[in-house]
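What follows is one structure encoded as structure tokens, with my remarks underneath.
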Amino acid sequence: MTQNKEPLDAIAFGKIQKLMGTRLAGMVGIFIDHAGKALAAMELAVEKGDGAALALHAHTQKSAAGQLGAYALQDVFAAIEKLAEEGNIAEAASEVPHAKAEFARVTSALAIFAPRP
């Protein structure tokens, strides 16, 4: 589904680079920290069978990923959110490893384009 997309859309990321300038590294750091914590919280929500928490974390990270042009990651978070909202926690849970893998791709790409100090 999202495997054919680059981890970062060059045009979208270029726009945010231009807009944020030197503040981009800080934004990237916040994104990486928050997304990592959210992925852990999603795993916990799955263990507890808490679809509402799973959907909330996925929704928040969906938006953040989109702001950076990480559209493949945004798609995975959107799928998790939708499935969790529909009560399909098992199916949503099966997407969490995909989100973690895509997050790793995005993190690697961000290290190249916006290295953190």
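The values are calculated or read from the model by the stated rules, or taken from the named source; none is laboratory data. The structure presented is a predicted model; accordingly, all values stated were derived computationally and were not measured. Here Cβ is always computed from backbone atoms with ideal geometry, including for glycine, and neighbour counts include all displayed protein chains.
Pull up segment 6-42, narrow it to residues that are over 14 Å from the mean Cα position of the chain (by Cα) and basic (Lys, Arg), then point me to the one that is nearest to LEU73 (Cα to Cα). By that ranking, first place goes to LYS15.
Before we move on, is GLY21 at positive phi and surrounded by 21 or more Cβ atoms within 10 Å (Cβ to Cβ)? Before the answer, list the steps.
Numbers: at positive phi: yes; surrounded by 21 or more Cβ atoms within 10 Å (Cβ to Cβ): no.
No; evaluated as a whole, the condition is false for this residue.
Out of VAL28, VAL106, report the one residue that is among the hydrophobic types (A, V, I, L, M, F, W, C), at pLDDT 95 or above, surrounded by 18 or more Cβ atoms within 10 Å (Cβ to Cβ) and on the phi < 0 side of the Ramachandran plot.
Details: VAL28 fails: at pLDDT 95 or above.
Every option except VAL106 fails the conditions.
So if I check each of ALA64, ALA38, which one is free of Cβ contacts under 8 Å to residues at least 60 places away in the same chain and under 19 Å from PHE13 (Cβ atoms)? Steps first, please.
Numbers: ALA38 fails: under 19 Å from PHE13 (Cβ atoms).
Exactly one of ALA64, ALA38 is free of Cβ contacts under 8 Å to residues at least 60 places away in the same chain and under 19 Å from PHE13 (Cβ atoms), namely ALA64.
Taking the criterion of being in contact (Cβ under 8 Å) with a residue 40 or more places away in the chain, under 16 Å from the mean Cα position of the chain (by Cα), part of a helix (DSSP H, G or I) and more than 15 Å from GLY36 (Cα to Cα), the residues of segment 68-117 that qualify are LEU68, TYR71, ALA72, ASP75, ALA79, ALA92, ALA93, ALA109.
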